[in-house]
Amino acid sequence: MIKNKVKRIFSIIITMILILIPSIAAAKTPIIIDGYFDDWSDKPHTAFYYDIYNSEEIKNVALFCDDTTIYGHIKMSEMDGKFGSFTIYLNINNSYTIELVILCTDSNNEVDWDKSILDLQQGTHFNVAVFNNKDYTALLGDAALLVHNNNYKPGDDIEFSIKYDKIKEYCNNIPFNEVNDITLTCPSLGSQSITIAGTFTEPFLGIIITLTFIGIVLLYRKYKQTGKSI
């Protein structure tokens, strides 16, 4: 019977949607650079460390992006709780590397050379930003630093964002939809790296599912009207 076949097809589609929704939702969950880090809770983090894994030494690092922006989160360790102006490397398509550094800023959003991140006291700080480590006049993105307490236990949290348009000149101006993978490394945190690949695949999964669903509905209506079997 047509109805039974359509029901089976609908069951398959619904199962696919239920399986794929978590990954699509995670990809769509927005990151806001606001000094609150709950929006990173559903993002995978990688343990950065030296030599042998030690739970007190590891720094947890995450990398995420949407259709326009690259985001990063660093959670310092219990052993080394203070965040410094470490050099962070972004490699695009295994071809272009940009050196980033997070520094204190003044009221003009320029580097404040009279202040050091290492001297910031307990509290949430927004007077920090991402700069090109080879050109400190190039402001690349926003950042927020949370110093939990002056003992640095728990360790500092820092999050940052970079609009791709701000760095595409360092990547031969390739459009963002041609970025296949982004890799973050930070030797000051550990020897590990994070790579996100297929950045633009997830949003299209929802589109594909939606179109498939619409197609099934139209197919059902057509054969319901004609009385033909599928």
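The values are calculated or read from the model by the stated rules, or taken from the named source; none is laboratory data. This is a predicted model, so every value here is computed, not measured. With ideal geometry, Cβ positions are generated from the backbone for all residues, glycine too; neighbour counts draw on all protein chains shown. Remember, those area values only see protein heavy atoms, side chains included, never the ligands or the DNA or RNA. Shrake-Rupley method; radii C 1.70, N 1.55, O 1.52, S 1.80 Å.
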Is it true that Thr29 is among the polar types (S, T, N, Q), touching a strand residue (DSSP E or B) at 6+ places or on another chain (Cβ under 7 Å) and either modelled with pLDDT under 50 or open to solvent by less than 50 Å² (accessible area, probe 1.4 Å) (or both)?
no
When the residues of region 33-65 are narrowed to those that are surrounded by fewer than 18 Cβ atoms within 10 Å (Cβ to Cβ) and charged (D, E, K, R), which ends up farthest from Ile158 (Cα to Cα)?
Asp51
With criteria (1) surrounded by fewer than 15 Cβ atoms within 10 Å (Cβ to Cβ); (2) at pLDDT below 95; (3) in contact with a strand residue (DSSP E or B) (Cβ under 9 Å, 6 or more places away or on another chain); (4) not acidic (Asp, Glu), Lys153 comes up short on (3)
Return the only residue of Asn109, Asn94 being without any contact (Cβ under 8 Å) to a residue 40 or more places away in the chain, open to solvent by 30 Å² or more (accessible area, probe 1.4 Å) and closer than 30 Å to Asn177 by Cβ.
Asn109
Within region 179-210, which residues are of a type in the set (A, V, I, L, M, F, W, C) and either modelled with pLDDT under 70 or surrounded by fewer than 16 Cβ atoms within 10 Å (Cβ to Cβ) (or both)?
Ala197, Phe200, Phe204, Leu205, Ile207, Ile208, Ile209
Long-range neighbours under 9 Å by Cβ, at least six apart or interchain, first residue among the aromatic types (Phe, Trp, Tyr) within region 167-193, second assigned to a loop (DSSP other than H, G, I, E, B):
Phe176/Asp67; Phe176/Thr68; Phe176/Thr199; Phe176/Phe200
Which of the residues that make up region 118-146 are in contact with a strand residue (DSSP E or B) (Cβ under 6 Å, 6 or more places away or on another chain) and β-branched (Val, Ile, Thr)?
Thr124, Val128, Val130
Can you tell me how many residues in region 156-174 are over 22 Å from Thr105 (Cβ atoms) and open to solvent by 60 Å² or more (accessible area, probe 1.4 Å)?
3
Sole miss for Val130 among (1) open to solvent by 40 Å² or more (accessible area, probe 1.4 Å); (2) modelled with pLDDT of 95 or more is condition (1)
Do we find that Tyr71 is among the aromatic types (Phe, Trp, Tyr), touching an Asp or Glu at 6+ places or on another chain (Cβ under 8 Å) and within 30 Å of Ala197 (Cβ to Cβ) in this structure?
yes
Can you name the condition, by its number, that Val101 falls short on among (1) modelled with pLDDT of 95 or more; (2) open to solvent by 100 Å² or more (accessible area, probe 1.4 Å)?
(2)
